[in-house]
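Report on the structure given below.
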Amino acid sequence: MSLFGCIEAGGTKFVCGIGTSPDDLELSTFPTSTPQQTLAQVLSFFRERESQVSAVGVASFGPVDLRPDSPTFGFITSTPKPGWQQFDLAGEVARGLDVPVGFDTDVNAAAAGEARWGAGRGIANFIYLTVGTGIGGGAIVNGEVIHGMLHPEMGHIRIPHDLAKDRYPGHCPFHGDCLEGLAAGPALQERWGKPAHELPDDHPIWKLEAHYLALGLANWVCSLSPQRMILGGGVMEHLDLFPMMRTELKELLNGYIQAKPVLDEIDEYVVPPELGKRAGVLGAMVLAEHVYRNPSAAIAAPLAGEDQWRSTVRS
C-alpha cells in the first residue's frame, strides 16, 4: 500500500504527516521559523521514517504561485510573513525527498480534505474558510477546486468598516481594513493586547468579529451561491461565533436569497469542519494521492547529472 506524505505549511506552524487516510495518519507539528530551519525539520520528519512515501502534498499559506508555466511555480510569493517572500517551497521539498509533489494553498487543500472525508462530502459546491493568523478561503465548484488566474484571496475582500463604531485601522500591510485586516487573529490581538483564545466569552470583540465574518459570508452567498460554508482556524475555535454569524448573515441577506439552506437550515449551512484541525494536512494528503494517481501530471524525476528540476503539480 502506498504511503502519502502531507505538509500543511502555516504562518504559525507546520504540520507534517504520513499515512493513507485519516485513520492511520501520523503527525508531527513544529513552529514556523525561518525557511531554512523549517524545511530542515520537514525533510528530517520524512527521512527518519522507515517507509518511503510515494508522493507528498504541500498545502501552503500564501499567496503562492500555482501556474505550472511560471518560473516561480510552487513559490510562496508576496506573503507578509517575514523571510518567506519568494521562497521555492514546493521545489525544495521535491528536491529534498526526490518524490512527486502536489502543491496548492492551505485553504484549497482543506476544502479538498473536507470534500473527501469531512463536512463537504457529497456536496458539489461549497466554501471552506479559515480564520486564524490570516483569513483565506477555498471554493469547490462543481466538485473542483477553483484556481482561475491564480487562486482566490477571500480574506482580502473589502467590507464595510464603520469607523465610528470600530476605530481600529486594520492589520493588513497591503490593504489595511480588508476582511483579514479587521478579523484575523493578529487584528484581534492588536486591538485588545491579548490573543483571541484569552478573551472572555462576553467580550465585545466577538459580536464585532461575527459581524465582519458575516459580511464576508453574505458576499460569497451572493457571488458563488455555495451549498454550504465551512469555517475553521484558530479564531473559529470560539464556537459561540457560529450562532452569532448565522443570525447576522440572515439579517444581512434580508430575505433576498429565497433558498432553504439560508431560510430554514442555517445551522447546517454555516458549520465548523468535521476534520477539525486536521483539515489542511488531510487536504495535503489528497494532493499527494492526486499526483501519485496521475503521474502524467508531474514532471519526471531528474536524469543523471541533472540538478535543477521540479516535480510539482497543482490539484
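Among the helices (runs of 4 or more DSSP H) confined to region 175-273, the ones with at least 3 residues that are small (Gly, Ala, Ser) are located at 205-224. If you go through region 263-315 and pick out every residue that is within 17 Å of Pro100 (Cα to Cα), surrounded by fewer than 18 Cβ atoms within 10 Å (Cβ to Cβ) and modelled with pLDDT of 95 or more, you end up with 0. Screening the candidates Ala124, Ala115 for the property of being closer than 20 Å to Lys277 by Cα and at pLDDT 95 or above yields one hit, Ala115.
For region 194-206, the criterion of being in contact with a Lys or Arg (Cβ under 9 Å, 6 or more places away or on another chain), at pLDDT 95 or above and under 30 Å from Ser78 (Cα atoms) is met by no residue. Do we have any residue at all in region 81-93 that's within 30 Å of Ala214 (Cβ to Cβ) and not assigned by TED's automatic domain parsing to the domain that holds Leu231? Yes - at least one qualifying residue is present in region 81-93. Taking region 1-66 and the strands (runs of 3 or more DSSP E) fully enclosed by it, the elements with 2 or more residues that are in contact (Cβ under 8 Å) with a residue 40 or more places away in the chain are at 4-9, 13-19, 55-60.
Looking across Pro169, Pro195, Pro200, Pro204, one residue alone is under 18 Å from Leu241 (Cα atoms) and either β-branched (Val, Ile, Thr) or surrounded by 12 or more Cβ atoms within 10 Å (Cβ to Cβ) (or both). It is Pro195. Only residues that are hydrophobic (A, V, I, L, M, F, W, C) and either surrounded by fewer than 17 Cβ atoms within 10 Å (Cβ to Cβ) or in contact with a Lys or Arg (Cβ under 6 Å, 6 or more places away or on another chain) (or both) were counted across region 223-243, and they come to 1. Would you pick out the residues in region 99-143 that are buried (at least 24 other Cβ atoms within 10 Å of the Cβ), touching a Ser or Thr at 6+ places or on another chain (Cβ under 8 Å) and either in a helix (DSSP H, G or I) or among the polar types (S, T, N, Q) (or both)? Listed by number, the residues that qualify are Thr105, Asp106, Val107, Asn108, Ala109, Ala110, Ala112.
The values are calculated or read from the model by the stated rules, or taken from the named source; none is laboratory data. Please read these numbers as outputs of a predicted model, since none were measured by experiment. No Cβ is skipped: glycine too gets one built from the backbone with ideal geometry, and neighbour counts run over all protein chains shown.
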